[in-house]
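The values are calculated or read from the model by the stated rules, or taken from the named source; none is laboratory data. This is a predicted model, so every value here is computed, not measured. Counting neighbours? That spans all protein chains shown, and the Cβs are built from the backbone with ideal geometry, glycine included.
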Ligand SMILES: [Fe+2]
Ligand SMILES: [Fe+2]
């Protein structure tokens, strides 16, 4: 019985739910990824605003808020499972041009997607289905919203040319 409690994913101790240390560590990595994505959108959205690309600014400002919500959900889950969050984002350098910024943001979304997929597999192995579902929600936003939108912008530049694309984003 003691063994079973020790190896189960979630156990109750002193009235606090304790998460599996592997899940907590993974959540801490994911949190740093979300904070990085948030800061990247923060920087790029303000660069777009400064350059007069109002549509790109509005869209990325919204993405920044969504990444903050993702980080918030991970942070709350880490605390609930008895962990301590690490709030340091990973380092990044803002892009130089619009296509460069779009490509950097897409690369970040792909990295986040891979990390979320791996995290979901870990949660399933350890039977932490609630954390798994939190990650699934974020995976949907990552694939169907953030990455998909960025892929479309890069595709549009190929189709209509950079000058036409930039003109369409400047109002
Ligand atoms: Fe995210
Ligand atoms: Fe994202």
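Results, tabulated for the structure shown:
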{"read-out": "Residue in region 119-129 that is nearest to ligand 1 (Cβ to nearest atom), counting only those that are without any contact (Cβ under 8 Å) to a residue 60 or more places away in the chain and surrounded by fewer than 15 Cβ atoms within 10 Å (Cβ to Cβ)", "value": "121"}
{"read-out": "Scope region 16-57; condition free of Cβ contacts under 8 Å to residues at least 40 places away in the same chain and within 16 Å of ligand 2 (Cβ to nearest atom); matching residues", "value": "42, 45"}
{"read-out": "Single condition residue 156 does not satisfy, out of (1) farther than 15 Å from residue 103 by Cα; (2) more than 16 Å from ligand 2 (Cβ to nearest atom); (3) touching a helix residue (DSSP H, G or I) at 6+ places or on another chain (Cβ under 6 Å)", "value": "(1)"}
{"read-out": "Count of region 58-83 residues which are over 18 Å from the mean Cα position of the chain (by Cα) and in contact (Cβ under 8 Å) with a residue 24 or more places away in the chain", "value": "4"}
{"read-out": "Some residue of region 150-168 being within 13 Å of ligand 1 (Cβ to nearest atom) and either at pLDDT 95 or above or under 30 Å from residue 20 (Cβ atoms) (or both)", "value": "yes"}
{"read-out": "Total residues in region 131-164, condition free of Cβ contacts under 8 Å to residues at least 40 places away in the same chain, in a helix (DSSP H, G or I) and over 16 Å from residue 28 (Cα atoms)", "value": "16"}
{"read-out": "Members of region 60-83 that are away from ligand 1 (no atom under 15 Å from the Cβ), surrounded by 18 or more Cβ atoms within 10 Å (Cβ to Cβ) and part of a helix (DSSP H, G or I)", "value": "78"}
{"read-out": "Region 1-23, residues that are surrounded by fewer than 19 Cβ atoms within 10 Å (Cβ to Cβ) and modelled with pLDDT of 95 or more", "value": "21, 22"}
{"read-out": "Residue 108 being touching a helix residue (DSSP H, G or I) at 6+ places or on another chain (Cβ under 7 Å), within 16 Å of ligand 1 (Cβ to nearest atom) and modelled with pLDDT of 95 or more", "value": "yes"}
{"read-out": "Extreme residue, surrounded by the fewest Cβ atoms within 10 Å (Cβ to Cβ), among residues of region 94-117 that are without any contact (Cβ under 8 Å) to a residue 24 or more places away in the chain and either more than 24 Å from residue 157 (Cα to Cα) or more than 17 Å from the chain's Cα centre (by Cα) (or both)", "value": "96"}
